[in-house]
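Below you'll find the structure, written out as structure tokens, and then a few comments.
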Amino acid sequence: MATRTAQPAGTDPAAAASEHLTLDDRIALLRYMLLMRGLEERAMNLYRQGKVPGSFYDGYGQEAVSVGAAFAMAAQDRLCVLHRDLGAHLIRGVTPARILAQYMGREGGITGGRDGNVHFGDFRLGCVGMVSMLPDMMLVATGMAMAFKLRGEARCALTWFGDGSTSRGDFHEAMNWAGVQRLPVIFVLENNQYAYSTPTREQFAVDPVERAQAYGFPGISVDGNDAEAMFEATRAARDRALAGEGPTLLEAVTMRMHGHAAHDDMKYVPKEQVEEWRKKDPIDRLEERLRAAGADTDALREEVRAAIDAGTQDALAMPMPDPATATDRLFYEPADPGEELLTGDGEAPWSGFAGEGS
Amino acid sequence: MATMTYLQAISDGLRQEMREDERVLLMGEDIGVFGGAFKVTDGFLEEFGAARVMDTPLAESGIVGTAVGAAVVGLRPVCEMQFADFISCGFDQLVNVAGKMYYRQGLPVNVTVRLPSGGGFSGGPYHSQNPEAWFMHSPGMKVVAPSTADDAKGLLIAAIRDRNPVVYLEHKHLYRRVKGEVRDGLYETPFTARVARAGSDLTVVAYGAMVHTALEATEDIDGASVEVLDLRSLVPLDEEAILASVRKTSKVLIVDEANETCAAGAQVAALVADRAFEDLDGPVRRVATPDVPIAFSPPLEQALLPSVDRVKEAARELLEY
């Protein structure tokens, strides 16, 4: 059976869900969640103003999943980040201006307008961008972990994916491969109850966290609306990976609080279900704990708002890409920048990495 | 120089590049202990070990997808599909992940995918296909197809060293039929066309096994001087070499072993029609496999694949035009 973590009931309301987090770490977790939500709200406004082409996707209500997990990853680790995981990019060091420019298809966006919305990853910060065939990245993460193991490096790969992804073959191929080769990879299943309009009861007969055991490694169900719990589960999974004990499947149980994309009014979701989950909002929950612990979250909110305002100004000042470049750079040419300029490590703000040189 | 079969030349290229560059890693089904379905990697396990000659789970999407992951963190994987036909199971990873990565994100994917392709020995509908056009139509990967032993080695080394995804088509029917002088040591064959035989009356454009069919078919057609152009690379396509040859001979016959519609030869025909129209003294003609699966039984298969006789007949008609 898969392991299920329980929320600590009746404990000190100010207590952290992980003994590995300092108060500053916990404030950082809240800050990244606020930044993610604020940036997505700002991008949605820009979308309504016609400044964001195409469609718009967000991770409202799921901020703890990407923020908590990415916070546990070291600079030299590698992440495949999906479309409701903006917080992971922020933790790795992508600036608000570049993210907003990405949404608007500007030259200064991470892909320079070559791909849209959340389809990006800055490999100079150790991230690989997603493709729309979502569980594909499970195999890419598995392959990165395979390389780490072959070279004897103490590094780990992590990827997110959704409940719908568990129906695709690449989910199976990646889980099986990682299990057979005991690779240092963490699979974060973001179970937000719906794949577009399809509820999980029409997606699988058995909770996919149970499948991990069949592939030979643990599956752990985590409260996906608790950033600290997500951090702690990921930290422990990473420790397992670095100890040579193989992969872990973490099921982050959460709820998609907005439609699949901006056009989707989500009428297929019962109102009571949304109301129930609203009470478990990950930002409210952490903010409450931190206030009880004495943190000034009003000041934090003010600081985040200012950062988003500044990023918006910078992004709006960036030019659109030059149409004459649309067919350029299909292939890497020997004269292009070498690996040292195309790839690099991300930021790793968790205090536990301090002194590791990462 | 040594005389080698096409298959031995592929093995030689792989082995030498693996000795040269420890980042090169082979991944595939039954390539280690068994040495590969066609024995291309026979003896490799003993020399390089199981980590670099990796017997993978039976999962083509897994092979390509994990190779992409390994490549973006600095390895240079060479994936073997047991038969080219099975790349359909890894198509998504190759086309959507590997092929688009550099354009979208500026991250090169140094993966080579070896596809043992082609028919002629009763392999049937799932062990005979020539899927190169799928990848010509998918931006972001290079596609090469050697016809000689020397090119088989040189194109493979160049493919492994190329930082982009490269689809390398090795024709199964050439594995042991084609022998030739192969240069010693490490060398790269450029992704350009090669004049397999110079001539002045007609150009026959082909690649892979069809180069040999074209050479045999046009060896002696009443003394006509027939040029055979071996494309070697389909992406990039050596347009200047094709146009130069057609401008010289004024007539062109294009041979594909692949199914006719939207095949590599269709692209060559479009190029000639567009840019060499004024130089032509006859219609652009094609010989290809009809648009049906490759049938199993020898008389059916032989009725489908372009034969020496069909190519000869088409060449004769054009010469007389």
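Read the figures in this text as sums done on the coordinates, not as results from a lab. In this text the structure is predicted, and so the values were computed from the model without any measurement. Cβ placement follows ideal geometry from the backbone for every residue including glycine, while neighbour counts extend to all protein chains displayed.
Observations
- Under-5 Å amide H pairs with B:Ala258, H placed in peptide plane, nonlocal only: B:Thr289
- Convex hull volume per residue for chain B, taking Cα atoms only, in Å³: 122 Å³
- Per-residue shielding of B:94-100, expressed as the average number of other chain Cβ atoms within 10 Å of the residue Cβ, stands at 3.
- DSSP-defined beta bridges in the protein assembly as shown - what % are antiparallel, rounded to 5: 15 percent
- Loop trypsin sites (Lys or Arg not before Pro), the stretch A:247-281, which have at most 16 other Cβ atoms in a 10 Å radius of their Cβ (DSSP): A:Lys267, A:Lys279
- Sparse-neighbour loop sites [trypsin sites (Lys or Arg not before Pro); the stretch A:67-159; at most 15 other C-beta within 10 Å; DSSP]: A:Arg151
- Peptide ranges A:321-332, B:42-53 listed from the most packed, as the mean C-beta count within 10 angstrom indicates: B:42-53, A:321-332
- Cβ-defined net charge surrounding A:Asp281, 12 Å radius [Lys, Arg +1; Asp, Glu -1]: -2
- Whole-number D in µm² s⁻¹ for chain A, Kirkwood Cα-pair radius fed into Stokes-Einstein, 4 °C, 1.567 mPa s: 63 µm²/s
- For residues of A:129-135, the mean tally of beta carbons on other chains within 10 Å: 3
- Contour minus Cα-Cα distance for A:Lys51 and A:Glu245 (0.36 nm per residue): 65.1 nm
- Computed from the alpha carbon atoms alone, the convex hull of the protein assembly as shown holds 168 Å³ per residue.
- Interchain or long-range residues, amide H under 5 Å from A:Arg4's placed H: A:Ser221
- HN-Hα J in Hz across the stretch B:302-312 - Karplus 6.51, -1.76, 1.60, θ = phi - 60°, x for Gly and Pro: 5, 6, 9, 6, x, 9, 4, 5, 5, 5, 5
- For peptide B:53-63, the mean count of partner chain Cβ atoms within 10 Å of a residue's Cβ comes to 5.
- Listed pairs B:Lys248/B:Lys312; A:Lys51/A:Lys279; B:Lys179/B:Lys312; B:Lys251/B:Lys312; A:Lys51/B:Lys142 exceeding 26 Å between Cα atoms: A:Lys51/A:Lys279; A:Lys51/B:Lys142
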